[in-house]
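Each remark here refers to the structure printed beneath this line.
Throughout, read-outs are computed from the coordinates displayed, never taken from laboratory work. Because the structure is predicted, anything quoted here is derived from the model rather than measured. Because the Cβ atoms are built from the backbone with ideal geometry, glycine has one as well, and the counts that use them run over all protein chains shown.
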Amino acid sequence: MALDLVIRGGTLATAERTFRADVGIEGERIAALGEGLSAMRVIDASGKLVLPGGVDSHCHIEQLSSMGVMTADDFYSATVSAAYGGTTTVIPFCAQHRSDDLRKVLADYHERARTKAVIDYGFHLIIANPDGPTLREHLPAAIGSGIRSLKIFMTYERTRLTDEQILDVMAAARRHGALVMVHAENHGVISWLAGRMVKQGNTLPRYHGICHTRGAETEAIQRVVALAELVDCPILIVHVSTGDGIEAIRQARARGLKVFGETCPQYLLLTAKDIDIGMQGAFFCCSPPPRDEQAQEACWRGLKDGTLHVYSSDHAPYGREGKLPKGESTTFKEMANGVPGLELRLPLLYTYGVGAKRISLPEFVNLTATRHAQTYGLYPRKGVIAVGSDADIAIWDPQKSVVVEQTHDRTGYTPYRGRRLQGWPVTVLSRGEMIVEDGKLAAARGRGQFLAREPSEALRPLGRDVPEMAQLKAWETPLQL
Ligand code: URP
Ligand code: ZN
Ligand code: ZN
């Protein structure tokens, strides 16, 4: 077999095991795994870990937020930052706002990404305008084009849906074969509290955390689970931050429901104390907010026992203009929500998870790559080192120690500044091409490709009989997957 490139002598990991092997690459794919492979080009990986490139299934890139603020990153800066951190696939959001035509929104996002992305990408939709044309025509067409997931919001004035609209979207997603991702926070609780806080002059960033109560998350998760159960629609609750929220997912799963969970670095590593530092706390504000040490432990447990299915960044990059648009007089209601995380997602989990012996290396691979690819219809093309898969590979130096300073995104800060991380992806390949070589970028703008995704097992409805639904004449039959 004529191989173009061999990665020689490293320790490989999949979601199941670690083992010693060379990786043989032909063109864009992995062509062989074994001992003693040879080719004209060889990368010496002795003493290194050879892992699947990360798949980040929750990030916001060149997107208008739910509050109408544009992210600091475009598809170039975000994907460069991802590549530096060992991530080779992203699935950002294509966001429909209230009066938007989904077809136009989708065409715009394709155009933005096509000319800039340096790694491969898919899209999730955000549905904020579930009117007749969207649900009957535009959404099915988008799903058919390989966009097999969509996000709905239960909070934020400009994007939230009513329970009736959520049921409409779930019914359409079930019928046409898309996974529904949910931002689950009770809007009434947050806006009622926030209105009163601002009136009495409590406007510092710390009040953002106080208004986004733990109970607001738990209630919304329980409610959306009930909605999903009624219409037999699998759901994935994104950015879960509380022990009670995780417990609600655990209970739903124990009843056999297809309810998946996701958490992010900020819920494992930050707390409300990070926000409680005056106006600079704005740079740590995200929704839901980081909580306390107990909640962090609950998130680690949830990842370990599988209640939390994937670990994503929720990269929502905003610089000073987004975070403090009115300078020191900005209220917490006016700050853009979100923190950057694309680049450090993997190194943080490696240090605080694998290094601290909270999770094993195969669990790390599963949580950062394999499960994302499986859940979102990219497996086995992405998320695994196997013969036939895309040669998306990160070579890690477990001895490399890095004190975090600045990352390569355009926010100008990182919430993890000053932390010492042990273990770093030094060389990164995307479809067989070296895009980071010994810590230096080697990727051309626009080389990333759009990934049309397949329907995955995760989005297949249970097919349970729901007696109430049997009374409905026009109840939809799910797509036969
Ligand atoms: O605060 C956050 N998480 N901002 C990004 C948008 C979202 O809700 O995921
Ligand atoms: Zn969200
Ligand atoms: Zn998000």
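A few comments on the model shown:
- Share antiparallel - DSSP beta bridges, the chain, percent rounded to 5: 45
- Reachable lysines, given that their alpha-carbon falls under 26 Å from the alpha-carbon of residue 323 and they are not under 8 places away in the same chain: 116, 151, 199, 273, 333
- Taking the number of Cβ atoms within 10 Å of each Cβ as an exposure proxy, the fewest-first ranking of 283, 93 is 93, 283.
- Hydrophobic long helices, here whole DSSP H runs in the chain with Kyte-Doolittle means of at least 0.0 and Cα atoms spread over 15 Å or more along the helix axis, are found at 187-199, 214-230.
- Counting other Cβ atoms within 10 Å as a rough exposure proxy, the listed residues 376, 76 run 76, 376 from fewest neighbours to most.
- Site pair residue 2 and residue 305 shows an inter-label distance of 5.5 nm when each label is modelled 7 Å from Cα along Cα→Cβ.
- Per principal axis, descending, Cα span of segment 4-81 in whole Å: 55, 29, 21
- Each of 285, 59 was scored by other Cβ atoms within 10 Å of its Cβ. Listed from fewest to most, they are 285, 59.
- Residue by residue, segment 273-287 carries 3J(HN,Hα) couplings of 5, 5, 7, 8, 10, x, 5, 5, x, 3, 6, 10, 7, 8, 10 Hz when phi is fed to the Karplus relation 6.51 cos²θ - 1.76 cosθ + 1.60 (θ = phi - 60°); x denotes Gly or Pro.
- For residue 138, net neighbour charge (Lys/Arg +1, Asp/Glu -1) across residues whose Cβ lies under 12 Å away: -1
- Distance in nm between pseudo-label sites at residue 104 and residue 452 (7 Å out along the Cβ direction from Cα): 2.5
- Descending by average beta-carbon neighbour count within 10 Å, the peptides 47-57, 197-207, 449-459 line up as 47-57, 449-459, 197-207, the highest first.
- In this calculation the C-beta distance from residue 440 to residue 405 is compared with R0 = 22 Å, giving a FRET efficiency of 0.85.
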